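Everything below concerns the one structure shown next.
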Amino acid sequence: MKNNELITLSDDFLTVGDTTTPNEKIMESQDCCVFYDEAQALRNINLEVGKKEVLSLIGPSGCGKSTFIRCLNRLNDTIDSAKVTGKITLEGQDIYNSDMDVVLLRARVGMVFQKPNPFPKSVYENVAYGPRIHGMSESKADMDEIVETSLLRAGLWDEVKDRLNTSGTALSGGQQQRLCIARAIAVRPDVILMDEPCSALDPIATDRIEDLISELKENYAIVIVTHSMSQASRVSQRAAYFHLGHLVETDATEKIFGDPDHELTQNYIKGRIG
Ligand SMILES: Nc1ncnc2c1ncn2[C@@H]1O[C@H](COP(=O)(O)OP(=O)(O)O)[C@@H](O)[C@H]1O
Ligand SMILES: [Mg+2]
């Protein structure tokens with residue numbers, strides 16, 4: 001079994017202390033565990049996501065960052081072997097409750113992936129699709145406004161306003177990623193999840209997305225997985241360090257990168273800098 005090494009760590013070798021909590025939380029994970037068949041990928045994750053904050057998830061490959069971020073909008077439901085236990089709430093509501101509308105949940109907790117994945121439809125339709133299925137507009141004028149506002153917020157409007165009928169897939173990689181962000185924004189989410197959103201982009205496109213993340217946090221909570229410590233320092237206020245399925249330490253980003261409490265975090269940070 002590929003994941004067996006995960007279960008060789010004992011539970012008590014870590015002090016899984018969340019030393020910071022956000023001012024006002026929007027999501028909370030309590031004792032979240034994830035199993036892929038019998039292999040445990042996440043162990044008792046306790047973590048809060050604050051309103052108007054960027055929280056970065058960092059740690060070595062395979063430590064469970066993507067698995068965790070997928071728990072926050074139930075994307076692991078789409079993986080047959082995955083089983084999630086524990087409790088995850090959005091504004092106090094248990095998102096794994098049977099009465100939770102998962103389509104609505106994924107609008108409220110949107111996701112932006114590593115590889116930009118616009119629909120093979122026009123720029124306009126990429127953004128209008130979600131609002132349409134959620135019945136958010138009454139008229140064409142309403143929809144035009146949603147599309148324009150979403151593209152403006154995603155910092156893409158000026159580049160596409162004269163070609164809203166072009167296919168989303170014809171845009172550059174960086175523009176496609178901003179289109180995916182506009183698509184997420186269009187359905188008025190509370191939280192935007194981003195799993196390594198810049199790792200397929202060039203440095204200039206990356207800068208634009210980083211600037212955008214900093215602007216977006218005024219209106220949304222953002223959880224971002226990143227391999228780049230400099231990116232995490234630039235965009236996030238809090239950082240959570242994962243290691244072999246454990247959440248080792250959560251703290252202000254400056255503290256995590258400057259003077260982390262846990263040795264595992266220190267080793268990771270040093271290894272990354274050195
Ligand atoms: N769909 C899956 N099926 C089985 N195991 C998986 C699946 N996705 C991830 N895993 C395993 O779960 C662990 C955590 O993976 P992942 O969440 O992708 O880590 P990260 O995003 O930090 O690189 C790894 O051991 C990985 O092999
Ligand atoms: Mg990942």
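The values are calculated or read from the model by the stated rules, or taken from the named source; none is laboratory data. Nothing here was measured: the structure is a model prediction, and the numbers come from that model. Backbone-built Cβ (ideal geometry, glycine too); neighbour counts: all protein chains shown.
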When you scan the stretch 25-79 for strands (runs of 3 or more DSSP E) that lie fully inside it, which ones turn up with 3 or more residues that are away from ligand 2 (no atom under 15 Å from the Cβ)? 25-36, 39-50
Out of curiosity, is Arg106 surrounded by 14 or more Cβ atoms within 10 Å (Cβ to Cβ), closer than 20 Å to Glu28 by Cβ, at pLDDT 95 or above and in contact with a helix residue (DSSP H, G or I) (Cβ under 7 Å, 6 or more places away or on another chain)? no
Name the single residue that is farthest from ligand 1 (Cβ to nearest atom) among those in the stretch 31-61 being surrounded by fewer than 20 Cβ atoms within 10 Å (Cβ to Cβ), at pLDDT 95 or above and on the phi > 0 side of the Ramachandran plot. Asp31
Would it be correct to say that Ala128 is surrounded by 15 or more Cβ atoms within 10 Å (Cβ to Cβ), away from ligand 1 (no atom under 16 Å from the Cβ) and over 19 Å from the mean Cα position of the chain (by Cα)? yes
Of all residues being exposed (fewer than 14 other Cβ atoms within 10 Å of the Cβ) and closer than 19 Å to Thr253 by Cα in the stretch 1-30, which is modelled with the lowest pLDDT? Just the residue, please. Thr15
Report whether or not Cys198 is within 16 Å of ligand 1 (Cβ to nearest atom), at negative phi and either among the hydrophobic types (A, V, I, L, M, F, W, C) or over 15 Å from the mean Cα position of the chain (by Cα) (or both). yes
Tell me the residue from Arg153, Arg188, Arg183 that is closer than 19 Å to Lys217 by Cα, crowded, with 23+ Cβ neighbours inside 10 Å and touching a helix residue (DSSP H, G or I) at 6+ places or on another chain (Cβ under 8 Å), please. Arg183
